[in-house]
Amino acid sequence: MTKLLERELQGLRSSLVEQFGIVEQMIEHSVRSLMERNSDLADEVIQGDEDVDAREIRIEEECLKLLALHQPLATDMRWLVTVVKTNSELERMADLACNIAERAKSLDLYPLYPVPAEIEEMVAISTKMVKDALDAFVEHDPKKAVQVIHEDDRMDSLNRTVIQQIQDTMRQSPEDVDPALHCFSASRHLERISDLATNIAEDVIYLVDGNIVRHQHDTYFPTDKS
């Protein structure tokens, strides 16, 4: 690797880690706005989306430039491919954070409607998954990436529980259909964030080990269900 390429890769790495931090904060603020019914915080999340979009484009353009100019091989090529994919996942996470913030603003109109307790647990798990996915990427730690992947099963289970509860609520209390649907959407958005964190964890495993584990979790992790 040339010194020029090494410097440019390091700059790209710093840009992606910064994007991780911004998106992680957007997710945290969006779920706080939901749980605390804080419309001002929700507005901050929504306003930050344009910055994330612009950063995503700059990072992708830098990746394409490095691929064209330096034609990297082996590890460097895998790393750039991982950056392109992770960069896209982060932008989608930011969009989902904005969607949660929108649901928070809508729920503010129904102050007496209780948010299902399971959503609070989903918030804790999804934010931890995003943080751990970042740590796995920065530290090139496939073991931590596997832990993120296993957490997704719990998120899927909680999402199913919330959906069932909301369906029961709508049947029993038709007047609560609107706020219930907002909670339904928030739950789905949290579950999607966990899916994207899982995607990043899968990309980390590809980066470090060269294994594509997407859609093959039972093959690569047959017994570890912790």
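So the values come out like this:
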read-out: Residue check for L16: touching a Phe, Trp or Tyr at 6+ places or on another chain (Cβ under 9 Å) and over 17 Å from L190 (Cβ atoms); value: yes
read-out: D49 being charged (D, E, K, R), under 18 Å from K85 (Cβ atoms) and in contact (Cβ under 8 Å) with a residue 24 or more places away in the chain; value: no
read-out: Filter result (surrounded by 15 or more Cβ atoms within 10 Å (Cβ to Cβ) and either assigned to a helix (DSSP H, G or I) or within 24 Å of the chain's Cα centre (by Cα) (or both)) within the range 64-83; value: L66, L67, H70, D76, R78, W79, L80, V81, T82, V83
read-out: Residue among I163, I212 that alone is within 30 Å of E18 (Cα to Cα), over 16 Å from the mean Cα position of the chain (by Cα) and either surrounded by fewer than 22 Cβ atoms within 10 Å (Cβ to Cβ) or of a type in the set (A, V, I, L, M) (or both); value: I212
read-out: Answer residue from the range 167-193, given it is closer than 16 Å to V123 by Cβ and of a type in the set (A, V, I, L, M, F, W, C) and is surrounded by the fewest Cβ atoms within 10 Å (Cβ to Cβ) among those; value: F184
read-out: The range 113-136, residues that are of a type in the set (V, I, T) and either assigned to a helix (DSSP H, G or I) or within 18 Å of the chain's Cα centre (by Cα) (or both); value: I119, V123, I125, T127, V130
read-out: In the range 116-160, the residues that are surrounded by fewer than 16 Cβ atoms within 10 Å (Cβ to Cβ) and of a type in the set (V, I, T); value: V138
read-out: Search result, residues across the range 203-222 that are outside any loop (DSSP other than H, G, I, E, B) and hydrophobic (A, V, I, L, M, F, W, C); value: V204, I205, L207, V208
read-out: Qualifying residue in the range 82-102 (condition: farther than 25 Å from D156 by Cα and without any contact (Cβ under 8 Å) to a residue 12 or more places away in the chain); value: no
read-out: Exclusive hit being modelled with pLDDT under 95, small (G, A, S), surrounded by 18 or more Cβ atoms within 10 Å (Cβ to Cβ) and not in a loop (DSSP other than H, G, I, E, B), set S14, S33; value: S33
read-out: Every pair of residues 6+ apart whose Cβ atoms lie under 7 Å, when the first sits in the range 64-80 and is in contact (Cβ under 8 Å) with a residue 40 or more places away in the chain while the second is hydrophobic (A, V, I, L, M, F, W, C) and outside any helix (DSSP H, G or I); value: D76/M1
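One line per residue, one yes/no per condition, for (1) touching a residue at least 12 places away in the same chain (Cβ under 8 Å); (2) of a type in the set (V, I, T); (3) more than 30 Å from T75 (Cα to Cα); (4) assigned to a loop (DSSP other than H, G, I, E, B):
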{"position": "V138", "(1), (2), (3), (4)": "yes, yes, no, no"}
{"position": "L158", "(1), (2), (3), (4)": "yes, no, yes, no"}
{"position": "C183", "(1), (2), (3), (4)": "yes, no, yes, no"}
{"position": "R188", "(1), (2), (3), (4)": "yes, no, yes, no"}
{"position": "D195", "(1), (2), (3), (4)": "yes, no, no, no"}
{"position": "A201", "(1), (2), (3), (4)": "yes, no, no, no"}
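The values are calculated or read from the model by the stated rules, or taken from the named source; none is laboratory data. Keep in mind that what you see is a predicted model, and the values were worked out from it rather than measured. Here Cβ is always computed from backbone atoms with ideal geometry, including for glycine, and neighbour counts include all displayed protein chains.
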